[in-house]
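**Q** Quick one: the structure is below, and I'll ask about it shortly.
The values are calculated or read from the model by the stated rules, or taken from the named source; none is laboratory data. Please read all numbers here as calculations on a predicted model, not as lab measurements. We place every Cβ from the backbone using ideal geometry, glycine too, and count neighbours over all the protein chains shown.
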């Protein structure tokens, strides 16, 4: 039982120092014999600015390589992609640990295993308030809490050396409309038992006050939908089943037929029905019936609230959705948050609709969205109940962690630790605090391949995006004499300009030819030397005439005499 | 005088249907003999998502090609880059018209001519309230108004067929601290004379209430700066000279030395002093004196409030600024707006500072910024004074124009027209409204070359960013037989993967070799046919192993027998 007597450590591999890609480890025992549990294993998303062409961003699990025999369990707080989405992509590196989750979350994960051909998921379905031994000296209790997805849970993680409360994503909603209201009694009881550490959601830590209840939206949504003169399309996150139900119910109450467009939404509703979370979703009208229904009786629930290019809403805006068409006088409701970084794409959609005479109403204009994350006064409530010795802010960029750490002290935490990804924090003992820093990072899912964020692949693509590419093919003989004219192809470069004497590729070809012809035999002895001569010549041309140092690639083929 | 009897038309070449790149034309006379004046000629900015590597975005002036002999004047409302920045880049296409502006704006433009080697600018310096004949039947009166730069002006554009009020960027500030308060009397007088059309700023049309006064910031800034324990760096737009003075004065009042870091800011202060706009800027401490001053007596004014990579603030955050270093306990004030689309870059800066223990305070946390643009109640005031027959919303994305057009009717405009770039609107006569649509667009300044937004150059670079590039060089003989192994180089692609049998370039080389060797002589008769065979083979490999269709370029060199 040595390992079970501590130390107890916390280590974020993702989600602390960024929003998204949540992945946290708790370890028990001395370093060489430490038993681990992982809480959540989520993805982030690439964007044009930092990771163009990248589908998903995954936490780097290199640290686990040497530890995975001692990874006892994965425990999932809820089914959002930034908490569970990385599992199918990293499953081969996790050593097949059991996955503990409540039924809705488990069903989402089971389907991911199916879709990715990973066989049967080793799921352990947990009921609220059971104390489940998950191995390695840890037991876990799922504490139902409110958020923007069914069956979200905080975790009470008990160990022989003390208890951690890990909030997961949460808010305190007295009327969530789906599932029970936030129940604070278990948090109070834990506070009375004594809690070592509180690992707590920081998403809304900069916002004062409380985050509000789903219930507040019902009347507004019904009023806004009733006032719309023609068809209405509403978008929100596919997994916000409570919101989907509220929207659909408001539509039915105002005499509209509900059509669900977007696979992710249909799937989430299905999972919620299958797992008994959802028992009373209004009747959905099949997409092929749309043409039979007058526009002012139509209501669409659609995916794509973040402006995602391939989601239903963007395709509707582009006039490319197979079944849903919006026309002048129709209305689009964004019953959703604009995730920072997505503004441009979302506003682009707004303008597309505006150009078509479709009115857009968002949460800035009408109260048709509430956040799923606790704001300052909600957080204070949790701190005052749980009374942790150590506060460990998580789920946030660095600035969120720092602000949360500061406020946690005000709210009564004994101490607070800013612990971004890779910071190993000791939670128990006389001297809790940062113990060491381990290497962490990001892995990109690029096409079907995992690429390290530091491998240079993406850096090279960003350079291509800014500078374009010049390809030069040369054929030389044994002594480096050109056997044919240089061949040049420029990509992402202007072909011609009124101020130039010839097109860019011709100017480059001439310059390369001159450089090779003018070089001494010694200067062109090796392919590498010829490449270098040609690269420099090509770059001089792009710098001079285009004002850019293009990415120049030269391929030299040397033909031997027969 | 036929041309001077109308019709009078409005045509935006930029700025209507987008924020930035403002460029508006007013024309008088029948189409074949129409005399034009241009109001403003500004730039927009490229971003990674839509125009990677592009320095500036310019309005497309193709429409002016056949008209430039009849372009009588350029009139400038104020010196912001999105109103004057395109002049040096498009000057060669404008036919050398005189430029009318007030002294501060004129001096900014004069310096642009100098820096770009364009010779002497044909500037006509105007005093407020003079009615200046600018040619073609137009006279222009500059109406001083408040904004976030010195000497901003609305224009009263008088013609024989009626008067247009063109607001430019504006707000109604009773205490702007620099320059006179907003004076509404001329607008009232114009309303009484009768106004055909109001072309009006839409930037803040979604925001209720009034935009507030510079005066409201003074006490807050002083309090926040006084409370900072160590050095403070404050950022705002370089051209917001009033704010620079307020910031500097607050620093001096709290016992700090003011250092200005950032060329653009020093230049704007210089221009303001030279033109007599600014008479009492606090003494500035040279950068080389920084080391002599204790941190808690230091105050830096720095450029880069939008997170621009090469501006002072980003370089300070990266520890790469030559003179300004910030350390744990220092404070950064963002006395500025976050322009939509810039959120990611700005938050990246926040986090960089946060990681260094530098506290960031922005306008979400303290009231340390007010907008330079009129909000709904300010706009209403202008409409109620000017009483235009026709409202033509400008300075806004499509959604802004639509909302503004709707509100303009509520505020008493006789009619309102949504006229995005390229919409030619007749303003006078019995039947004002949209007359026709002309081709407009954007031109990118890419390196030193102007590239049309639709030329495909940028589209190709975006594709390279997402998909990477594969370059194949082949050498063949007369009958298409390979004379050497295919040479392959992949850019922005993973080199290897544990699941692959060989590195990507080798797999491609083998596949290309097989494809060419396996083809019949007929199939490889031309270079184009060989290129096609190789491209398909390479793409099959990237699709299968990488999951992407890379951009494949094949260069074929055919050697003839001697």
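**Q** Out of (1) in contact with a strand residue (DSSP E or B) (Cβ under 7 Å, 6 or more places away or on another chain); (2) in contact (Cβ under 8 Å) with a residue 40 or more places away in the chain; (3) closer than 25 Å to residue B:554 by Cβ, the odd one out for residue A:465 is which?
**A** Condition (1) is where residue A:465 drops out.
**Q** Which of the residues spanning region A:353-384 are in a helix (DSSP H, G or I), away from chain B (no Cβ under 14 Å) and either surrounded by fewer than 20 Cβ atoms within 10 Å (Cβ to Cβ) or at pLDDT below 95 (or both)?
**A** In the first step, residues of region A:353-384 are kept if they are in a helix (DSSP H, G or I); the result is A:353-355, A:376-384.
Checking which are away from chain B (no Cβ under 14 Å) leaves us with A:377-384.
A:377, A:380, A:381, A:384 - these are the residues of region A:353-384 that are in a helix (DSSP H, G or I), away from chain B (no Cβ under 14 Å) and either surrounded by fewer than 20 Cβ atoms within 10 Å (Cβ to Cβ) or at pLDDT below 95 (or both).
Residue-wise test of (1) outside the structural domain of residue A:377 (by TED's automatic domain parsing); (2) closer than 20 Å to residue A:417 by Cα; (3) out of contact with any helix residue (DSSP H, G or I) (no Cβ under 7 Å at 6 or more places or on another chain); (4) free of Cβ contacts under 8 Å to residues at least 40 places away in the same chain.
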site: A:178; (1), (2), (3), (4): no, no, no, no
site: A:187; (1), (2), (3), (4): no, no, no, no
site: A:202; (1), (2), (3), (4): no, yes, no, no
site: A:218; (1), (2), (3), (4): yes, no, no, no
site: A:222; (1), (2), (3), (4): yes, no, no, yes
site: A:226; (1), (2), (3), (4): yes, no, yes, yes
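**Q** Now, a different point. When region B:540-562 is examined, which residues are found to be within 11 Å of chain A (Cβ to nearest Cβ), more than 17 Å from residue B:494 (Cβ to Cβ) and touching a residue at least 12 places away in the same chain (Cβ under 8 Å)?
**A** Filtering region B:540-562 down to residues within 11 Å of chain A (Cβ to nearest Cβ) leaves B:542-560, B:562.
If we keep only those that are more than 17 Å from residue B:494 (Cβ to Cβ) too, we end up with B:553-560, B:562.
Those that are within 11 Å of chain A (Cβ to nearest Cβ), more than 17 Å from residue B:494 (Cβ to Cβ) and touching a residue at least 12 places away in the same chain (Cβ under 8 Å): B:553, B:554, B:555, B:556, B:557, B:558, B:559, B:560.
**Q** Continuing with this model, one more query. Return the residues of region B:475-497 that are more than 8 Å from chain A (Cβ to nearest Cβ) and over 41 Å from the mean Cα position of the chain (by Cα); say none if nothing qualifies.
**A** Selection gives B:476, B:477, B:478, B:479, B:480, B:481, B:482, B:485, B:486, B:496.
**Q** Which number in (1) within 13 Å of chain A (Cβ to nearest Cβ); (2) over 23 Å from residue B:246 (Cα atoms); (3) in contact (Cβ under 8 Å) with a residue 24 or more places away in the chain marks the one condition that residue B:327 misses?
**A** (1)
**Q** Could you count how many residues in region B:391-416 are in a loop (DSSP other than H, G, I, E, B) and at negative phi?
**A** Residues of region B:391-416 in a loop (DSSP other than H, G, I, E, B): B:395, B:411-414.
After this cut, where a residue has to be at negative phi as well, the list is B:411, B:413-414.
Summing the residues that are in a loop (DSSP other than H, G, I, E, B) and at negative phi in region B:391-416 gives 3.
**Q** Can you tell me which residues in region A:425-446 are crowded, with 20+ Cβ neighbours inside 10 Å and either without any contact (Cβ under 8 Å) to a residue 40 or more places away in the chain or away from every other protein chain (no Cβ under 14 Å) (or both)?
**A** If the condition is that a residue be crowded, with 20+ Cβ neighbours inside 10 Å and either without any contact (Cβ under 8 Å) to a residue 40 or more places away in the chain or away from every other protein chain (no Cβ under 14 Å) (or both), then A:425, A:426, A:427, A:428, A:432, A:440, A:442 are the ones that fit.
**Q** Considering every residue within region A:449-460, establish whether at least one is out of contact with any helix residue (DSSP H, G or I) (no Cβ under 8 Å at 6 or more places or on another chain), on the phi > 0 side of the Ramachandran plot, within 12 Å of chain B (Cβ to nearest Cβ) and without any contact (Cβ under 8 Å) to a residue 12 or more places away in the chain. Write out each step before concluding.
**A** Narrowing region A:449-460 to residues out of contact with any helix residue (DSSP H, G or I) (no Cβ under 8 Å at 6 or more places or on another chain): A:452-460.
Checking the rest, the ones that are also on the phi > 0 side of the Ramachandran plot come to A:456.
Subsequent filtering for residues that are within 12 Å of chain B (Cβ to nearest Cβ) retains A:456.
Narrowing further to those that are without any contact (Cβ under 8 Å) to a residue 12 or more places away in the chain: A:456.
Within region A:449-460 (the criterion being out of contact with any helix residue (DSSP H, G or I) (no Cβ under 8 Å at 6 or more places or on another chain), on the phi > 0 side of the Ramachandran plot, within 12 Å of chain B (Cβ to nearest Cβ) and without any contact (Cβ under 8 Å) to a residue 12 or more places away in the chain), the answer is yes, since at least one residue qualifies.
**Q** When region A:112-131 is examined, which residues are found to be surrounded by 17 or more Cβ atoms within 10 Å (Cβ to Cβ) and in contact (Cβ under 8 Å) with a residue 24 or more places away in the chain?
**A** Filtering region A:112-131 down to residues surrounded by 17 or more Cβ atoms within 10 Å (Cβ to Cβ) leaves A:112-113, A:121, A:123, A:126.
Scanning region A:112-131 gives A:112, A:113, A:123, A:126.
**Q** Scan region B:115-153 residue by residue and report those that are within 25 Å of the chain's Cα centre (by Cα), outside any strand (DSSP E or B) and under 23 Å from residue B:373 (Cα atoms).
**A** B:145, B:147, B:148, B:149, B:150, B:151, B:152
**Q** What are the residues in region B:284-299 that are out of contact with any helix residue (DSSP H, G or I) (no Cβ under 8 Å at 6 or more places or on another chain), in contact (Cβ under 8 Å) with a residue 24 or more places away in the chain and not in a helix (DSSP H, G or I), if any? Spell out the reasoning first.
**A** Of region B:284-299, the ones out of contact with any helix residue (DSSP H, G or I) (no Cβ under 8 Å at 6 or more places or on another chain) are B:285-297.
Those left that are additionally in contact (Cβ under 8 Å) with a residue 24 or more places away in the chain: B:285-290, B:293, B:295-297.
Within region B:284-299, B:285, B:286, B:293 qualify.
**Q** Turning to a different aspect of this structure: Out of curiosity, is residue A:304 closer than 22 Å to residue B:343 by Cα, buried (at least 22 other Cβ atoms within 10 Å of the Cβ) and in contact with a helix residue (DSSP H, G or I) (Cβ under 6 Å, 6 or more places away or on another chain)? Walk me through how you get there before you give the answer.
**A** Numbers: closer than 22 Å to residue B:343 by Cα: yes; buried (at least 22 other Cβ atoms within 10 Å of the Cβ): yes; in contact with a helix residue (DSSP H, G or I) (Cβ under 6 Å, 6 or more places away or on another chain): yes.
Taking the combined requirement at face value, the residue satisfies it.
So that you can scan it fast, the table gives a plain yes or no per residue for (1) out of contact with any helix residue (DSSP H, G or I) (no Cβ under 6 Å at 6 or more places or on another chain); (2) buried (at least 24 other Cβ atoms within 10 Å of the Cβ):
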site	(1), (2)
B:9	yes, no
B:16	yes, yes
B:30	yes, no
B:33	no, no
B:40	no, yes
B:45	yes, no
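**Q** For residue B:311, indicate whether it is within 30 Å of residue B:103 (Cα to Cα) and buried (at least 21 other Cβ atoms within 10 Å of the Cβ). Write out each step before concluding.
**A** Values: within 30 Å of residue B:103 (Cα to Cα): yes; buried (at least 21 other Cβ atoms within 10 Å of the Cβ): yes.
The answer is yes for residue B:311.
**Q** Sticking with this structure for a sec: Filter region B:525-562 for residues that are under 43 Å from the mean Cα position of the chain (by Cα) and not in a helix (DSSP H, G or I) and give the result.
**A** B:547, B:548, B:549, B:550, B:551, B:552, B:553, B:554, B:555, B:556
**Q** Name the single residue that is nearest to residue B:537 (Cα to Cα) among those in region B:493-522 being in contact (Cβ under 8 Å) with a residue 40 or more places away in the chain and in a helix (DSSP H, G or I).
**A** B:512
**Q** While we're looking at this one, here's another question. When you check residue A:388 against the structure, is it out of contact with any strand residue (DSSP E or B) (no Cβ under 8 Å at 6 or more places or on another chain), within 25 Å of residue A:77 (Cα to Cα) and part of a loop (DSSP other than H, G, I, E, B), yes or no?
**A** Working: out of contact with any strand residue (DSSP E or B) (no Cβ under 8 Å at 6 or more places or on another chain): no; within 25 Å of residue A:77 (Cα to Cα): yes; part of a loop (DSSP other than H, G, I, E, B): yes.
For residue A:388, the condition - out of contact with any strand residue (DSSP E or B) (no Cβ under 8 Å at 6 or more places or on another chain), within 25 Å of residue A:77 (Cα to Cα) and part of a loop (DSSP other than H, G, I, E, B) - is not met.
**Q** Restricting attention to region B:408-424, report how many residues are surrounded by 20 or more Cβ atoms within 10 Å (Cβ to Cβ) and within 14 Å of chain A (Cβ to nearest Cβ).
**A** Matching residues across region B:408-424 total 5.
**Q** Considering only residues that are within 14 Å of chain A (Cβ to nearest Cβ) and touching a helix residue (DSSP H, G or I) at 6+ places or on another chain (Cβ under 8 Å), look in region B:518-539 and name the one that is farthest from residue B:489 (Cα to Cα).
**A** Going residue by residue through region B:518-539, those that are within 14 Å of chain A (Cβ to nearest Cβ) are B:527-528, B:530-531, B:534-535, B:538-539.
From what's left, touching a helix residue (DSSP H, G or I) at 6+ places or on another chain (Cβ under 8 Å): B:530, B:534, B:538.
On the way: B:530: 18, B:534: 14, B:538: 11 Å.
Among residues in region B:518-539 that are within 14 Å of chain A (Cβ to nearest Cβ) and touching a helix residue (DSSP H, G or I) at 6+ places or on another chain (Cβ under 8 Å), the one farthest from residue B:489 (Cα to Cα) is B:530.
**Q** On the phi > 0 side of the Ramachandran plot and within 12 Å of chain A (Cβ to nearest Cβ) - does that describe any residue in region B:294-309? Lay out the reasoning, then the answer.
**A** Residues of region B:294-309 that are on the phi > 0 side of the Ramachandran plot, as a first pass: B:304, B:307.
Cutting the leftovers down to within 12 Å of chain A (Cβ to nearest Cβ) gives us B:307.
Yes, region B:294-309 contains a residue that is on the phi > 0 side of the Ramachandran plot and within 12 Å of chain A (Cβ to nearest Cβ).
**Q** Within 25 Å of the chain's Cα centre (by Cα), assigned to a loop (DSSP other than H, G, I, E, B) and within 19 Å of residue B:276 (Cβ to Cβ), is that true of residue B:107?
**A** no
**Q** Shifting gears a bit: I'd like to know if region A:431-440 contains one or more residues that are within 19 Å of the chain's Cα centre (by Cα) and assigned to a helix (DSSP H, G or I).
**A** Step one: of region A:431-440, the residues within 19 Å of the chain's Cα centre (by Cα) are A:440.
Restricting the remaining residues to those that are assigned to a helix (DSSP H, G or I) gives none.
Within region A:431-440, not a single residue is within 19 Å of the chain's Cα centre (by Cα) and assigned to a helix (DSSP H, G or I).
**Q** Another question, if that's okay. Working carefully through the options A:219, A:231, A:227, A:311, find the one that is out of contact with any strand residue (DSSP E or B) (no Cβ under 6 Å at 6 or more places or on another chain) and closer than 24 Å to residue A:345 by Cα. Let's see the steps before the verdict.
**A** Numbers: A:219 fails: closer than 24 Å to residue A:345 by Cα; A:231 fails: out of contact with any strand residue (DSSP E or B) (no Cβ under 6 Å at 6 or more places or on another chain); A:227 fails: closer than 24 Å to residue A:345 by Cα.
Within the list A:219, A:231, A:227, A:311, the selection yields A:311.
**Q** Of all residues in region B:18-28 being closer than 30 Å to residue B:306 by Cβ and in contact with a helix residue (DSSP H, G or I) (Cβ under 7 Å, 6 or more places away or on another chain), which is nearest to the other protein chains (Cβ to nearest Cβ)?
**A** As a first pass, look at region B:18-28 and keep what is closer than 30 Å to residue B:306 by Cβ: B:18-25.
Still in the list and also in contact with a helix residue (DSSP H, G or I) (Cβ under 7 Å, 6 or more places away or on another chain): B:20-22.
Numbers: B:20: 13, B:21: 15, B:22: 17 Å.
Going through the qualifying residues, I end up with B:20.
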